1. Report, by residue number, each residue of segment 338-352 that is touching a residue at least 60 places away in the same chain (Cβ under 8 Å) and more than 14 Å from ligand 1 (Cβ to nearest atom).
2. Considering segment 156-195 alone, what residues qualify as being outside any strand (DSSP E or B), surrounded by 20 or more Cβ atoms within 10 Å (Cβ to Cβ) and either without any contact (Cβ under 8 Å) to a residue 12 or more places away in the chain or more than 16 Å from ligand 1 (Cβ to nearest atom) (or both)?
3. On the basis of being touching a His at 6+ places or on another chain (Cβ under 9 Å) and under 18 Å from ASP214 (Cα atoms), does MET278 make the cut?
4. If I ask for residues that are among the basic types (Lys, Arg) and within 10 Å of ligand 1 (Cβ to nearest atom), which ones from segment 204-223 would you list?
5. Out of everything in segment 260-276 that is crowded, with 17+ Cβ neighbours inside 10 Å and either acidic (Asp, Glu) or over 19 Å from the mean Cα position of the chain (by Cα) (or both), what residue ends up being farthest from ligand 2 (Cβ to nearest atom)?
6. Counting residues that are within 20 Å of MET125 (Cα to Cα) and of a type in the set (Val, Ile, Thr), which helices (runs of 4 or more DSSP H) fully inside segment 274-378 reach at least 3?
7. Tally time: how many residues in segment 71-115 are of a type in the set (Val, Ile, Thr), touching a strand residue (DSSP E or B) at 6+ places or on another chain (Cβ under 9 Å) and under 20 Å from ILE342 (Cα atoms)?
8. Within segment 228-259, which residues are buried (at least 23 other Cβ atoms within 10 Å of the Cβ), assigned to a loop (DSSP other than H, G, I, E, B) and out of contact with any helix residue (DSSP H, G or I) (no Cβ under 6 Å at 6 or more places or on another chain)?
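The values are calculated or read from the model by the stated rules, or taken from the named source; none is laboratory data. Keep in mind the model is a prediction, meaning the values are calculated, not measured. We place every Cβ from the backbone using ideal geometry, glycine too, and count neighbours over all the protein chains shown.
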Amino acid sequence: MIFWKKKKSASDAVTSNIPEEASGHAQESPIADLRTLDAQTQDSRTQTVSDVGQSDLASTEPSVESLSESSAETSAAKVSWFRRALQKTNDLLRTDIRDLWKSEGELVDEAFLSNLYAILIRTDMGPSMATKIKDSIHDQYRARKVHQEDVLRIIRDRVAESLKSKGGTLNLPNTKPAVILVVGVNGSGKTTSIAKIAHRLTRQGKRVLLAAGDTFRAAAVEQLRIWADRIGCDIVMGEQGSDPASVAFKAMQRAVAEGYDVCIVDTAGRLQTQSHLMQQLEKIKRVLQKHVETAPHEVLLVLDATAGQNAISQAKGFSEAAGCTGIVLSKLDGTAKGGVIIPIAEQFGLPVKFIGIGEKLPDLQEFSPDDFAAALFS
Ligand SMILES: Nc1nc2c(ncn2[C@@H]2O[C@H](COP(=O)(O)OP(=O)(O)O)[C@@H](O)[C@H]2O)c(=O)[nH]1
Ligand SMILES: [Mg+2]
């Protein structure tokens, strides 16, 4: 078992001042270079890891147009943050909806309503939401002319109404350590989301300990270690192939002994059909409970917004089997189907706690239904 302590190295200090353009790695994340890591020897691994650490340090420097987290706490800033998250969805909707108007006011007839319905469906908001919007417009404007702004307002209102009370913040106890277990399928964004959450909590003054519970791949452990180094929080790692429950055990032992505020446990990707992996998850939970009876306090399911509505819906069984308490919707920046958050919030019956809109540490925000709806078409 290896305990990793953050050390501020000279290279940190130097590379953190390198502008993105100069580094040539502005858009890379640790995982980009780590993908080939498993196949490499120990020597070349060390080399690759240090390269990755430096290149990605530059990539986490906030870009000029990126919002700082502190400014994103105000409602206006949150709206513009969500507008950035929904940019692709907005671009698609605005263009398509604008095309429905040949003149300033358009007659609300069957053809108009079915064209609008088709556009809404393309955002992945689901038939029930699209039908609600279509019916509202039909009821209010049937056989009359409607303006684009009125349609946008109705969409916004219906979306806000449907998402009301579907948001939620992290539900952590006052006692130490609060424990967060993070689960989901491979590549959904678990490790990156953990880094973003740890960064957020660290900036709130909390002492965070990470547990590298994805012991399947060396690259997965290294990926989290690099993030921990950058955030300045501590991490407990096991050897590759070791039992993830033993990593969880050591992490909890340390979190309790050293009075950490929060312990966040990473896990390997898994599907509900892989029964041995689902049992492994149960074992991890039991181990957490050995140290803190009420743990884990949050079991966050990370869903990839680009995966499509069907793929996401399939995670519902998984969510129930794993006893999830909240959702992190990652990669909202990568899709024009941002409406997918609506069926997710409805089907899973779980609060959406965070949304992710990029590969950098500040690219995570608490999900706020009102701000989200306001950002839609604003
Ligand atoms: N664009 C974008 N990429 C993301 C986001 N979250 C994660 N990623 C990327 O998705 C890939 C998989 O993420 P990772 O955290 O390793 O997934 P894991 O296998 O579930 O741990 C990596 O290339 C991440 O950089 C996000 O919100 N937006
Ligand atoms: Mg991972």
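1. GLY339, ILE342, PRO343, ALA345, GLU346, PRO351 - these are the residues of segment 338-352 that are touching a residue at least 60 places away in the same chain (Cβ under 8 Å) and more than 14 Å from ligand 1 (Cβ to nearest atom).
2. ARG158, VAL159, SER162, LEU163, LYS166, PRO177
3. no
4. Our first condition is that a residue be among the basic types (Lys, Arg); within segment 204-223, this holds for 206-207, 217.
Correct list: ARG217 only.
5. This residue is ASP261.
6. Numbers: elements: 275-291, 309-313, 315-321, 341-348, 369-375.
Once the helices (runs of 4 or more DSSP H) in segment 274-378 are filtered for at least 3 residues that are within 20 Å of MET125 (Cα to Cα) and of a type in the set (Val, Ile, Thr), what remains is 341-348.
7. Going residue by residue through segment 71-115, those that are of a type in the set (Val, Ile, Thr) are 74, 79, 89, 95, 97, 108.
Now drop any that are not touching a strand residue (DSSP E or B) at 6+ places or on another chain (Cβ under 9 Å), which leaves 108.
Keeping just the survivors that are under 20 Å from ILE342 (Cα atoms) gives none.
Count: 0.
8. none
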